[in-house]
1. Report yes if some residue within the range 418-425 is aliphatic (A, V, I, L, M), open to solvent by less than 20 Å² (accessible area, probe 1.4 Å) and at pLDDT below 85; otherwise report no.
2. Output the residues belonging to the range 392-416 that are at pLDDT below 85 and in contact with a Gly (Cβ under 8 Å, 6 or more places away or on another chain).
3. Anything in the range 270-289 that is basic (K, R) and without any contact (Cβ under 8 Å) to a residue 60 or more places away in the chain? List them, or say none.
4. Is it fair to say V410 is open to solvent by 40 Å² or more (accessible area, probe 1.4 Å) and either over 22 Å from G272 (Cα atoms) or aromatic (F, W, Y) (or both)?
5. Among the residues of the range 427-452, write down those that are open to solvent by 30 Å² or more (accessible area, probe 1.4 Å), among the β-branched types (V, I, T) and under 16 Å from L298 (Cβ atoms).
6. Could you check R382 against (1) farther than 30 Å from V226 by Cβ; (2) open to solvent by 70 Å² or more (accessible area, probe 1.4 Å); (3) outside any helix (DSSP H, G or I) and say which number it fails?
7. Being open to solvent by 50 Å² or more (accessible area, probe 1.4 Å) and closer than 13 Å to S386 by Cβ is the filter here, so list the residues in the range 263-283 that pass it.
8. For residues in the range 78-114 being outside any helix (DSSP H, G or I) and either open to solvent by 50 Å² or more (accessible area, probe 1.4 Å) or more than 18 Å from I9 (Cα to Cα) (or both), which is modelled with the highest pLDDT?
Amino acid sequence: MPLYLRLAIGNMHRSARDYSVYFATLGFAACLLYSFVASTDHLQSMGLSPEQLGVLGSAGDVLQAFSIFTVLVFLFLVRYANRFLLRRRKREFALYELCGMGRGAVSVVLVAETALVGAGALACGLAAGAALSPAFGAVAAFVFDVPWRLAFSFSPDSAAWTAGCFAVVFAVNAVDGARDIAHRPLIELMSAERAPERMRLGGRVARGGQAVLAAVLLAVVWGSCVFQPVYFIAFIIPMGFAACFATSLVARLGVAAWGERARGRSGRYWDGLTAFTVRQVEARVSSTSMALACVCVLVAVGLCMMVAGFAFSVGLRTPEMLSSGIAASMAPIGYIGIFYGAVFLLSAVAVLALQQLSGAEDARRAYRVLMQLGCEHADMCRSLRSQVRLYFVAPLVGALIHDVFGLFLVGFLTFALGVQGFFAIVGGVLTFVVVLMGVYGLLTARAVERTVLKA
């Protein structure tokens, strides 16, 4: 076995905790991408009518567009996880150089480790997608109002497409990581683990320019969604990019304004660990703003897709619609919306939880200093909970703001089709999303407390 490969495998065993975050993120992405593309093959195993399969085939372009958007969103999320790992291990790479390894050899080891983790996550994601196909069938049976039967399905073509997407994501992140390591001086690599993150927003002119840019992008996205829905659907991928970028700018500017407002209230700012908590959030906003923006957009898209799915399937089950065949023709779109909307939501909250757990390891050093200074355990718990609460509530609020305009488009389409109970469907899906985010937030807060405050 080559030396570099043995070193990469050994590093994987020693960094199992850090790589578990990266591995889980990639596994979620692989399962989502494969299941999304393999949906046609899976639905064909459910014994649908020729009319239903025909409508599903006509929706292939929409499926492909959403799958490409999913790849791009997870590219940002995986890039964040990759940069977290690099920051944690730059000191290790510097020690390799001190032992005589060149920058090229260090880059080879890094690429080999990333490839091994990516290949393992891809295999697990594909296996999970195939193993969970009966559960997906239960959702399909409910939407299409057909008897459910146990059926496992696997699509080699969809697996190959997913592997190709993963190869692209891996190549982009591998090149980015190797270039980052190659351009860092040795002294900077040695001190990278201890170097605090800083917000880079610029002066008032730069902040004003960012605010204007965010407002223009959001006006284009929201305005086209309300006034030009056909234009919005035709350019859904660039619209998604614009929404992610604008949301990340709003997150950075919002945290900066929140910190300045908190420091303006000196009485509350110096009460307990408020000052420490504000500084902790500000120190991480530069690296987490894009990840939070992607999660926000995923939650917004997932909520709209679930509402549209229930509206185009369950909401059309009236005697008139069943007799006219409209309900049967819209059932495939309903299945796509319900199933993949739920997958988007679960993936978004899971990645958000993993992102918080990955940052908890970096926070241990700061809270350990507080322990040595005699800070009370209850105050540190409140500080951690307030940070986790902010990171869960902010994307949810942003997603609901996006959905004000997204649901306008969905509502227009559903009312045109004569859907029954649209507002009840919106209320039920919204309740599900809030409860899901709340449960994940509580579980994440407890896990972060155990990680940071353990003896």
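The values are calculated or read from the model by the stated rules, or taken from the named source; none is laboratory data. Because the structure is predicted, anything quoted here is derived from the model rather than measured. We place every Cβ from the backbone using ideal geometry, glycine too, and count neighbours over all the protein chains shown. Keep in mind that these areas ignore ligands, DNA and RNA; they rest on the heavy atoms of the full protein, side chains included. Shrake-Rupley method; radii C 1.70, N 1.55, O 1.52, S 1.80 Å.
1. Pass one, the range 418-425, residues aliphatic (A, V, I, L, M): 419, 424-425.
Then keep just the ones that are open to solvent by less than 20 Å² (accessible area, probe 1.4 Å); that gives 419.
Still in the running and at pLDDT below 85: 419.
Yes, that holds for at least one residue.
2. Across the range 392-416, the qualifying residue is only T414.
3. Start the filter on the range 270-289 by keeping residues that are basic (K, R), which leaves 279, 284.
Once the filter is applied, which keeps residues that are basic (K, R) and without any contact (Cβ under 8 Å) to a residue 60 or more places away in the chain, the range 270-289 yields only R279.
4. Values: open to solvent by 40 Å² or more (accessible area, probe 1.4 Å): no; either over 22 Å from G272 (Cα atoms) or aromatic (F, W, Y) (or both): yes.
No, not satisfied.
5. V434
6. (3)
7. In the first step, residues of the range 263-283 are kept if they are open to solvent by 50 Å² or more (accessible area, probe 1.4 Å); the result is 263-268, 270-272, 274, 279.
Those that are open to solvent by 50 Å² or more (accessible area, probe 1.4 Å) and closer than 13 Å to S386 by Cβ: R268, D271, G272, T274, R279.
8. The first filter runs over the range 78-114 and keeps only residues outside any helix (DSSP H, G or I), leaving 99-102.
Okay, now just the ones that are also either open to solvent by 50 Å² or more (accessible area, probe 1.4 Å) or more than 18 Å from I9 (Cα to Cα) (or both), so 99-100, 102.
On the way: C99: 75, G100: 72, G102: 72.
Within the range 78-114, the match that is modelled with the highest pLDDT is C99.
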